[in-house]
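Student: One structure, as structure tokens, below. Some questions next.
The values are calculated or read from the model by the stated rules, or taken from the named source; none is laboratory data. It should be emphasised that the depicted structure is a prediction, and the values quoted were computed from it without experimental measurement. Counting neighbours? That spans all protein chains shown, and the Cβs are built from the backbone with ideal geometry, glycine included. Ligands, DNA and RNA are stripped out before the accessible areas are found, and what is left, the full protein with its side chains, is counted by its heavy atoms. Shrake-Rupley method; radii C 1.70, N 1.55, O 1.52, S 1.80 Å.
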Amino acid sequence: TFEVQFAAGGRPSLGNTNPASFQLILNEPAAELIGACLDQPELPVLVTYALTFAALRPSFEIDIQADWHRVYRTLQQKFGLNAWVAAADVDIAITDALETSGVDIDTVVLSVGGAAAAQKTKEQLLDWVLERLFQPMSPPEPPAAGIGRAIGDTVWSIARAILPGVSYKLKKIDENQLRHLDVRARERVAEARELRPQGMLGGLLRRLRLDEHGNPSPGWPAIKAGILQQVELSGFPRLEVGVDVVNRFATDGLRTCRLQLARRLPDGTHADETELAFTAANPGHRDWVVNLLDDAARNAVWDTPYEYRVLADFDPSSRLRPAGPAESAWQVHQARDLLVDPREAYAVTDVTVTVAPLFSFALFGAVTVELRPAGDPGARAARVILRPDAPSQQWQYASPGAAGAPYQWRASYHRPLEAGGDVTTEWTEAVEPWLSLPDPMPEKLTVTFFVDLPWADISAALLELRYDDPAHDVHYAEETITLSADTPVLSRTYSIAAGGSRALSYRLTVKLAAGGLLEGSWREATDDRIVIDRRLVDERQVQVRAIGGSLAAVKLVEVVVALEVRDPVTSAVRAGTKIRIRPGQETGLVGTFSYLRGDPPILQVFHQVTAIDSSGFVRTQPWTASSAGLLVLDLRTQTIKG
């Protein structure tokens, strides 16, 4: 393979034979061929190039020879000198006079476009004669703006002077004026031309190898030595980058990965732009070499950063084909070894498709889920099937740019016809990589309690349960369950409203064998599994209630209450929590802090209030301690009282 690169060159001179010097960088095969041509001119090595230039070319020439004395006498015999004649009659009379007076019009058309202009010029001859030999009764309106007039002794108006309602009479013109009348019209146009000179290299060098008599030139050896030189390019400024791509053609269904590279100039523009194409058949190494021998680059730092961007072309049958074009932004790089991942132009997202806990597979034996990237309704949708033995499946999709592009899904819940048939949802948009399908039947809340109490110290234990969902007007009466060592596990299932609260309240009451009754506080949990052990009795709960109206009334957007329990000796934090209060959550009980009392029991709780106003400013109160079980937060002053 012959490789030829222009390294530097100049414009042709404007003298003699217009010589121009330039420099080529050749690889070894090309250099050997050129070197052989210097001594073997018969070698068939052709040199060709394209030369483009602009030049003036004639379009048409019109020369009108006329005996203006004869034309004038013909018109004078017809109209006289003092008679006013209608414009239409004058136009006809001038045409007859030109035809009967031997007027010779010589037209040379030198281009395709010149014929129409030449015909227009003949028509304007009538205007020219009318303007010089006739006088209108009232002057016509001046030509419209933008209509030009010729210059010299061939002046005539492009605007027609034959106007409706205007009369003319013949002017009185002497012999001297008629003798100077003459009409000529010429046009030249600028046109781009391209020449492609070519010749055999040996023949082109003949004038240097031989003198004018055909004898060997004594200066040829020195000229030949100066034409071809072997140089070590490592000493010259150049940008050399080795480029490779991560092979994702088979896994992602790529047809082509195109890499565009360009040298970044100090003014932010690009130079030496190139594009390298990688395919599954040819995914190997590429080299990008830019010679910096020109004047603009010679003064630049050799390690100037370059920029690249990735363009990924997917096969139409690819399952990951994104909806839009996959191309990355320009990125700045300086390393001389560039490894590019095609996924810089697109992102591949793994979505886990599963069903919600306690899904009704007993009624719906299988679920078919269709998935497709958002923004392309015509895209082929992928399908995954969920069954009791395979309740979770994986799906991949690609999206242009960064990860997190939305996708759409639609589920079909399959059940027998006698049970009502299939249930199909509408297309829904999502972005989360975890898609959990809801149960189409009314929701159920199932809670399992694991009982592990010190029965040797307890004579009786009662567990009270209740469920309240005021938003959906769902309430269950309190249920009391007697616990014993024989019931280590018990479960309760509640039918709840779709999207309803999943919080269940419970309270444990214990009668100690040594006497005494310990009644726990009502606790609220959203977990599906709850452990009932001695910690529930030994824990202490501190409630936080808010007063002072809404956050908007005091120009706040959020209030954070930090609660901590600290070791009385080391001051180390044993337990802590943060209660965030946002608009709509600022009335009544806003949070509960539970912690183990310890031995000896710790009753003191440290609290701190941080408020964020509508302007974004943050105000934090100092830490304060309290032993009260109820802390009252005044939103107006952002302070807490026990």
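Student: Could you do me a favour and compute the accessible area per residue for the range 532-642, 1.4 Å probe, result in Å²?
Tutor: Counting only protein heavy atoms, the per-residue value for the range 532-642 is 55 Å².
Student: If you roll a 1.4 angstrom probe over the protein chains with everything in place, what fraction of the accessible area of the range 317-397 belongs to carbon and sulfur, to the nearest %?
Tutor: 51 percent
Student: On average, how much accessible surface per residue is there in the range 21-72, in Å², for a 1.4 Å probe, leaving out ligands, DNA and RNA?
Tutor: 59 Å²
Student: Just to check I understand the Karplus step: with θ = phi - 60° and J = 6.51 cos²θ - 1.76 cosθ + 1.60, what whole-Hz values come out for the range 330-342, glycine and proline as x?
Tutor: Result, rounded to whole Hz: 5, 10, 8, 9, 10, 5, 8, 10, 10, 10, 10, 9, x.
Student: Under a 1.4 angstrom probe, counting protein chains only, how are 172, 555 ranked by accessible area, largest first?
Tutor: 172, 555
Student: Going down the list 78/169; 444/578; 511/578, which pairs span over 23 Å between their C-alpha atoms?
Tutor: Violating the 23 Å Cα-Cα cut-off are 444/578; 511/578.
Student: Okay, moving on. Roughly speaking, to the nearest percent, how much of the range 1-58's 1.4 Å accessible area is carbon and sulfur?
Tutor: Answer for the range 1-58 is 59 percent, counting heavy atoms of protein chains only.
Student: So if each residue of separation counts as 0.36 nm, and I subtract the Cα-Cα distance between residue 444 and residue 624, what length gain in nm does that give?
Tutor: 60.5 nm
Student: Going highest first, how would you order 11-21, 93-103, 49-59 by mean Cβ packing within 10 Å?
Tutor: Order by mean packing, descending: 93-103, 49-59, 11-21.
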